[in-house]
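The next block holds one structure in the form of structure tokens; read it before the comments.
The values are calculated or read from the model by the stated rules, or taken from the named source; none is laboratory data. This is a predicted model, so every value here is computed, not measured. Note that we place each Cβ from the backbone using ideal geometry, even for glycine, and neighbour counts take in every protein chain shown.
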Amino acid sequence: MEGRSNFHPTRSLEYTQEVYGGSEGKIPRLGEIERAYLPGPSEYTVRFGEIHGHTGLSDGWGDLDAYFVAARDLARLDFCAVTDHDHGGVGRDELWVEKWKHIQQKVAEYHDEGQFVTILGYERDSFPYYPNMNLYFREGRADMVRGAQDGEITYDELAALAARDDVLFIPHQISQVEVGVNWKAVPMELMPPVAEMYSKWGASEFLGNPRPIRSAARGNFWIDALERGAKVGCIAGSDVHSPFPGLRVHSGGNLRHDEPGIAAVLTKELTREAIFEAIRERRCYACEGARITLDFRVNGAVMGREIADQGNPERALYVCVQAPLPIETVTIVKNGQDHFIYTLNGAMARHESMVIDLEAERDTDYYYIRVTQSDGRRAWSSPVWVNRV
């Protein structure tokens, strides 16, 4: 922008002239940079859901009716998936036949397009690439994905799965030592669209984060996948083993945290197809219990997008956060490092800001935001990737 300093992300000659413009001058609420770059209203609505939970069909308790009713009527979620283990649990029957038919029947029964969306899914062990991962289907009826050896997956089997447009695979507990994901060992072509970055086990953003999983390995965190260059977004799911999806209940067992993992998606409609595509396109984010609404855009592109800078290193980073409780901090992370931090000290439950990043550091830079409420609960956006052209 003409007259703007190359050294400071929020000042320009026009801003100075406005500040010193006498009695007729007015300092705008968001400042000169915001006026110039502020995008219009988002074309998307944020929908909240629970995509990871178990019932008595595998190693949890309660039935599918209780699970879906709690998600719809108690948690008041927009969408929900149940992801019982395909092996059923040690000493239990697998899901292969009658149980899988029953799951599909209940998914169809509780699905109410535009009101409450149910998604068909299950958890599949997939050693060695993704020891714990959930599969989600575009339609309400589908065959389970089986290979040469149940519980494991070959390169060819995973490549075939990644090539399908009717199923999504999302690894979880990614940072854990025993069943996490060694991102350095995963071929780039087999990367998932998103990873479950928070659950009741804890958070997997980076080593040393304030909600750790009980065991963690350097190289297994979400930030490690991003730093390797993988285009992996983030989402959350509770891994609840009781019929209380989306609710804050005592975790029990080996689960470490009481806050549910809430999945947030940006869609134009509340339909199964729209939610599936939002996750597929990384237009989604992770919430630690609190249903925090995020609007994060880089040069107008929403989270999950990959864009080109067209030879202009300046990036307009727009943040709008609305939280149930006052906000403590809003952090813009760039290339794995906290880059801009707004410290609000719990003064307000809504924050809107715009800042210009003046420097392209890599051939591809990535940005995401981390929001912390006054009670410590957080939300993380999926990144926006900007390619230097």
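Taking the condition within 30 Å of residue 322 (Cβ to Cβ) and touching a residue at least 24 places away in the same chain (Cβ under 8 Å), does residue 66 pass? The answer is no for residue 66. If you go through the range 210-244 and pick out every residue that is surrounded by fewer than 20 Cβ atoms within 10 Å (Cβ to Cβ) and polar (S, T, N, Q), you end up with 1.
A quick yes/no check of all residues on (1) in a helix (DSSP H, G or I); (2) surrounded by fewer than 16 Cβ atoms within 10 Å (Cβ to Cβ); (3) not aromatic (Phe, Trp, Tyr):
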| position | (1), (2), (3) |
| --- | --- |
| 246 | no, no, yes |
| 259 | no, no, yes |
| 264 | no, no, yes |
| 273 | yes, yes, yes |
| 287 | no, no, yes |
| 291 | no, no, yes |
| 304 | no, no, yes |
| 324 | no, yes, yes |
| 331 | no, no, yes |
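Can you name the residue in the range 341-354 that is in contact (Cβ under 8 Å) with a residue 24 or more places away in the chain and either on the phi > 0 side of the Ramachandran plot or surrounded by fewer than 20 Cβ atoms within 10 Å (Cβ to Cβ) (or both) and, of all such residues, is farthest from the chain's Cα centre (by Cα)? Only one residue tops the list, namely 346.
Conditions tested, residue by residue: (1) crowded, with 21+ Cβ neighbours inside 10 Å; (2) assigned to a helix (DSSP H, G or I).
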residue: 65; (1), (2): no, yes
residue: 68; (1), (2): yes, yes
residue: 71; (1), (2): yes, yes
residue: 90; (1), (2): no, no
residue: 107; (1), (2): yes, yes
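Among the residues of the range 279-321, the ones that are aliphatic (A, V, I, L, M) and free of Cβ contacts under 8 Å to residues at least 40 places away in the same chain come to 0 in all.
Whether any residue in the range 113-135 is within 21 Å of residue 247 (Cβ to Cβ), in a loop (DSSP other than H, G, I, E, B), of a type in the set (Val, Ile, Thr) and in contact with a Gly (Cβ under 8 Å, 6 or more places away or on another chain) is what I want to check. No: the range 113-135 contains no residue that is within 21 Å of residue 247 (Cβ to Cβ), in a loop (DSSP other than H, G, I, E, B), of a type in the set (Val, Ile, Thr) and in contact with a Gly (Cβ under 8 Å, 6 or more places away or on another chain). Within the range 294-313, the set of residues being under 12 Å from the mean Cα position of the chain (by Cα) and not small (Gly, Ala, Ser) comprises 294, 303. Of 57, 77, all but one fail to be within 20 Å of residue 284 (Cα to Cα), in a loop (DSSP other than H, G, I, E, B) and out of contact with any Ser or Thr (no Cβ under 9 Å at 6 or more places or on another chain); the exception is 77. Among the candidates 219, 208, the residue that is without any contact (Cβ under 8 Å) to a residue 12 or more places away in the chain and either in a strand (DSSP E or B) or in the same structural domain as residue 173 (by TED's automatic domain parsing) (or both) is uniquely 208.
Of the residues making up the range 125-139, those that are crowded, with 19+ Cβ neighbours inside 10 Å and either closer than 19 Å to residue 280 by Cα or outside the structural domain of residue 113 (by TED's automatic domain parsing) (or both) number 7. Note on the range 92-105: among residues that are assigned to a loop (DSSP other than H, G, I, E, B) and of a type in the set (A, V, I, L, M), the one that is surrounded by the fewest Cβ atoms within 10 Å (Cβ to Cβ) is 97. Filtered by the rule that a residue be over 19 Å from residue 233 (Cβ atoms) and in a strand (DSSP E or B), the range 344-389 gives 350, 351, 352, 353, 354, 355, 356, 357, 372, 373.
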